[in-house]
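Read through the structure below, which is laid out as structure tokens, and then see the notes.
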């Protein structure tokens with residue numbers, strides 16, 4: 001009975017959101033919402049019946065422990081949510097006690113508490129949050145970029161692996177939702193659109209959530225966004241920056257990366273490469289040979305990283321290939337990658353950097369490239385990488401779909417066929 005109540009509540013919240021934000025594309029809205037809910041449930045089922053690692057269910061188990069703690073001592077539970085103060089007795093009951101995992105478990109525990117410790121209710125609420133974020137970004141993009149509804153809907157609402165790995169009870173769901181809110185806010189800001197007070201709050205909280213769950217996504221993303229904003233504001237007053245925006249962008253970005261190295265121990269320049277190689281070696285030890293990206297003499301030096309970066313970028317974007325797939329999930333991923341390769345080649349044939357959004361396009365490509373290289377080097381397992389790359393994949397899909405010659409040609413042929421059939 002409690003499941004029925006919460007699903008009615010979720011649909012009621014979604015209906016209110018639709019009346020305020022979804023009337024322009026009603027069919028896309030409801031299809032995307034249902035798809036998001038199904039993918040959130042599908043994620044849980046996949047981890048039950050297919051994967052031996054059971055991350056999502058282990059996180060959920062921790063959330064039920066915290067929910068029970070809330071029922072027994074609500075004041076102490078609230079204190080724990082906001083201060084991280086936890087007793088040794090409670091900590092001993094948790095499976096995951098690392099800071100990022102504990103942050104996710106705390107967030108999940110709220111829904112476990114109100115949802116009667118139902119995995120499916122908690123997953124539905126997480127999927128709802130993710131859907132609201134993706135629809136917010138879809139709405140902003142379609143309002144700012146002409147004829148972008150198809151590219152935006154496929155990128156942020158319907159691309160299978162993106163939706164699947166950003167739904168349900170995993171870190172990527174909330175982290176990508178936070179990134180989406182920041183992107184929407186940022187796009188409105190640089191296009192000098194009116195920003196409401198709650199958008200400031202949501203963007204700041206989105207950054208906080210994304211940082212606590214995926215700090216390496218967020219640090220790079222924050223550096224790129226802050227660089228764009230700085231160039232946008234300062235270039236108005238200095239003619240040099242106006243004429244040499246890319247050079248100015250690089251100078252500011254490198255300076256910010258130097259400052260960002262102080263924000264987290266793993267970003268310190270003397271530790272960054274060691275952490276990257278340690279993560280790489282760990283994945284190599286626990287992964288099958290056939291499912292790995294093999295690098296040439298990779299070790300903790302900038303020369304080695306630079307040498308292996310092109311292969312990391314290529315593999316992160318386009319592998320596994322169809323002939324490398326073993327198992328249904330790998331086959332589905334490889335078919336997606338084949339489609340990405342076709343769209344990427346088509347997009348490059350019509351690529352134009354010098355346009356009204358040139359600097360924005362450039363900075364997006366830089367974010368995609370750097371994050372893809374970092375993830376592929378540190379996470380050479382192709383299966384795990386297909387999940388982690390949702391941090392950049394939506395933006396890659398959008399820029400290769402938007403005004404893509406192949407997509408435009410296909411749409412024109414479909415329209416012509418429909419008109420011809422109608423006349424007949």
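For this structure, a couple of remarks:
- Relative exposure of 142, 282, 173, 379, judged by other C-beta atoms within 10 Å (fewest first): 282, 142, 379, 173
- Least to most buried among 288, 73, 228 (fewest other Cβ within 10 Å first): 288, 73, 228
- Choice from 392, 82, 272 showing the highest fluctuation, given a GNM over the chain with Cα pairs closer than 10 Å: 82
- Rg to Rh quotient for region 125-178, alpha carbon positions, Kirkwood Rh: 0.99
- Sequence-distant contacts, meaning Cα pairs under 8 Å at least 6 residues apart, place the relative contact order of the chain at 15 percent.
- A crude spin-label estimate for the pair residue 314 and residue 251, with each label 7 Å from Cα along the Cβ direction, gives 3.5 nm.
- Ascending count of other beta-carbon atoms within 10 Å, so fewest first, for 319, 237: 237, 319
- The residue 299 and residue 15 beta-carbon pair, evaluated with R₀ = 56 Å, returns a calculated FRET efficiency of approximately 0.50.
- Shape call, region 301-374: gyration tensor on alpha carbons, a/c limit 1.5: oblate
- Secondary-structure-derived ellipticity at 222 nm for the chain, considering helices only, amounts to -25000 deg cm²/dmol, per-run term -39500 (n - 2.57) for DSSP H runs with n ≥ 4.
- For residue 30 and residue 326, the difference between the fully extended length at 0.36 nm per residue and the C-alpha to C-alpha distance is 103.1 nm.
- Working from label points 7 Å from Cα in the Cα-to-Cβ sense, the residue 49 to residue 7 distance is 1.7 nm.
- Set of region 363-398 residues, backbone N closer than 13 Å to the point 7 Å along the Cα-Cβ line of residue 98: 379
- Taking a ≥ b ≥ c as the square roots of the eigenvalues of the Cα gyration tensor, region 1-213 is classed as prolate, since a/c reaches at least 1.5 and a/b is larger than b/c.
- Alpha carbon centroid spacing (whole Å) that separates region 160-195 from region 61-81: 28
- Tensor-based shape of region 282-424 (alpha-carbon gyration tensor, a/c under 1.5 rounded, otherwise prolate or oblate): oblate
- Modelled spin labels at residue 341 and residue 208, positioned 7 Å past Cα toward Cβ, are 4.5 nm from each other.
- FRET efficiency estimate (nearest 0.05) - Cβ-Cβ, residue 38 to residue 274, R0 51 angstrom: 0.75
Values quoted throughout were computed directly from the atomic coordinates according to the rules given, and no laboratory measurement underlies them. Bear in mind that the values here come from a model prediction, so they are computed numbers and not experimental data. Neighbour counts run over all protein chains shown; Cβ positions are idealised from the backbone, glycine included.
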